[in-house]
Amino acid sequence: MPGEVTHREALAALSDAELLAMKDLSDAPGLRHLASHLLALAVTGAAIVWTASPLLLAPLLVVHGILLVFVFTPLHESIHGTAFRTPRLNEAVAHAFGFLMLLPPRWFRYFHLAHHRHTQDLENDPELASPRPRTLLGYAWRLTGYDYWKSLAKLILFASFGHLTDNYVPAKGRSKVIAECRAFLTGYLVLIALSVWLQSSLLLWVWVLPAILGQPFLRAYVMAEHTGLPLVSNMLANSRTIYASGPVRWLAWNMPYHAAHHALPVVPFHKLPQLSGRLRDHLTATAEGYPDAHRQIRASFGPKSIAGS
């Protein structure tokens, strides 16, 4: 748009000292945030195991599921190498949470960095390989999370047998991605076998069912990042900044400041509010919370959005 300031121009207006300070990594903020997230998961998980009330079980499963699926956000930070200063911490968190989410972190790193290089580029952004919903029916279906579980289960299964065709995975990385998928598949099969042998339904109640119930909330969060925004290269226009409440920012590790994250992905999560504040005057895609973001998304479908996908 005429007169629009790009993310490169906005960043160029910041001093070198300010940018350097924003890029500085640290273990402590990530460890504190991770500890609080894990503590919340432990509390809700224990409540599910110990509750004797059927009326409490359903809401507990949903709350625990939301906390569980949102380990995607520290996983996301870790594959960027910005959750912690120590590389091994990033790697450990990425693999642990990737296993919980059926999301092999080596594959996800290639996928996600290609998304950053080609955000909203129809030809090259891997997030656009599956078209974003354009109708209310497609929107509702995407929110179920079915496509997420199906695509990743297919990835792990096919890659375990050596079938990996994603062009954003370089030749040098293919063997590592395949090995990781095989390790994940082996781990899942071992856990299933142990559960059957021990006649235990614990994993069903604290992992499988909560993850299914929580996934629609994660899909709503992810959908709000770019859906309904212009197919342009300016990160301040193609990525939505959502002014969310404190608990939501905590849950999502500050990723509602998504335009700032895309403008400068090397900035760690705990400094994104500062960077977003410095870019605020130039943001063209914002929402006052997630309900507002989804009103914008639905409005982008147009009047004939009831049918189709």
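For the reader, a short list of remarks on this structure follows.
- Each label point was placed 7 Å from the Cα along the Cα-to-Cβ direction; for K172 and K154 their separation is 3.0 nm.
- Summarising the amide proton neighbourhood of T286: residues at separation of 5 or more, or on other chains, whose placed amide H is nearer than 5 Å comprise T241.
- With R₀ fixed at 41 Å, the C-beta to C-beta distance from A28 to A52 puts the FRET efficiency at about 0.55.
- Loop GluC sites (Glu not before Pro), the range 52-159, which have at most 13 other Cβ atoms in a 10 Å radius of their Cβ (DSSP): E123
- Summary of the geometry: the range 267-288 and the range 177-213, compared by the centres of their Cα atoms, lie 38 Å apart.
- The simple spin-label model puts a point 7 Å past each Cα toward its Cβ; for R85 and L189 those points are separated by 4.3 nm.
- A probe of 1.4 angstrom, applied to the heavy atoms of all protein chains, finds K150 with accessible area near 120 square angstrom.
- Peptide packing for 191-203, 228-240 was compared via the average number of neighbouring C-beta atoms within 10 Å per residue; ordered from the highest value, the list is 228-240, 191-203.
- With a 1.4 Å probe rolled over the protein heavy atoms of all chains, the accessible area of F108, F158 falls in the order F158, F108, largest first.
- Here the spin labels are modelled as points 7 Å beyond Cα on the Cα-Cβ line, and at S130 and L14 they lie 3.3 nm apart.
- Calculated [222 nm] ellipticity per residue, helices only, for the chain: -19500 deg cm²/dmol; basis is -39500 (n - 2.57) per DSSP H run with n ≥ 4, divided by all residues, nearest 500.
The values are calculated or read from the model by the stated rules, or taken from the named source; none is laboratory data. What you see is a predicted model; the values in this text were computed from it and never measured. Here Cβ is always computed from backbone atoms with ideal geometry, including for glycine, and neighbour counts include all displayed protein chains. These accessible areas exclude ligands, DNA and RNA; they are computed on the full protein's heavy atoms, side chains included. Shrake-Rupley method; radii C 1.70, N 1.55, O 1.52, S 1.80 Å.
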